[in-house]
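The values are calculated or read from the model by the stated rules, or taken from the named source; none is laboratory data. For clarity, every value in this text was computed on a predicted model and none was experimentally measured. Glycine gets a Cβ as well: all are built from the backbone with ideal geometry, and neighbour counts include every protein chain shown.
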Amino acid sequence: MEEEPTSDDPVARFEEVFRIHYGPALAYLRRRTDNAGDAEDLAAATFLAVWRRIDEVPAGPVPRRWILRIAEGQLSNLRRGRRRRGVLLQRLVCQLPRGRQTDVDDIEDPSDEGLAMLAFTRLRRPDQEVLSLITWEDLSRTEAAALLGCSENALNIRLHRARRSLQREYEALSETTKRRRGQGRLGGGAASEGVAGD
């Protein structure tokens, strides 16, 4: 039988709801995510949403399903965000020169597909801004120029420079990754020869 929050004070009522339902909500989210960190973040987001909707919390015993429905909504947001990140990454890769795009597709470790995104995070804020507007927000160059308060010609120059900067950052990261892989293979080969020699 579920406990009943008794206080009419919003803060006290939230604290009671949190005490009663946080553990079950966290367990629910842990069963539906790949790692404990995600589950804890989602649980925090769930109860932040509960606090913001504290006036909507049903009177009397709070049904667990009401809390879990909010938790499920947070989980759906996380999944949508990750799918969107994959789409955005592909769009970002398309900003690289054609000769370099294949490098991202040919990277052996799928986790290294984040090279393009990492390169983006290393750009100056103005470069990130112009690439974001064109690549992710799907604005036309005219719309982006109006939003940034510059002429379309100035926007084209900024976009060209941002793409060049993205290319340089990507190539530097790509070369570092390839060099590390090469060293790893050489180390593994030397170890194998050592074993064979014994």
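Worth pointing out:
- Glu40 meets the conditions (1) closer than 30 Å to Met117 by Cα; (2) at pLDDT below 90; (3) among the charged types (D, E, K, R) in every case but one. The failed one is (2).
- Scanning region 20-41 for residues that are farther than 16 Å from Arg65 by Cβ and in contact with a Ser or Thr (Cβ under 7 Å, 6 or more places away or on another chain) gives a single hit, Ala39.
- In region 31-63, residue nearest to the chain's Cα centre (by Cα) [restricted to those that are touching a residue at least 24 places away in the same chain (Cβ under 8 Å), in a loop (DSSP other than H, G, I, E, B) and under 17 Å from Arg79 (Cβ atoms)]: Thr33
- Being at pLDDT 80 or above, of a type outside the set (Val, Ile, Thr), crowded, with 17+ Cβ neighbours inside 10 Å and outside the structural domain of Ala25 (by TED's automatic domain parsing) is a property that Leu147 lacks.
- Glu72 falls short of the stated requirement of being exposed (fewer than 13 other Cβ atoms within 10 Å of the Cβ) and either at pLDDT 75 or above or not aromatic (Phe, Trp, Tyr) (or both).
- Annotation note: of Asp55, Asp38, Asp34, the sole residue that is among the charged types (D, E, K, R), surrounded by fewer than 17 Cβ atoms within 10 Å (Cβ to Cβ) and out of contact with any helix residue (DSSP H, G or I) (no Cβ under 9 Å at 6 or more places or on another chain) is Asp34.
- Tally of residues being part of a loop (DSSP other than H, G, I, E, B) and out of contact with any Lys or Arg (no Cβ under 9 Å at 6 or more places or on another chain) across region 116-137: 4
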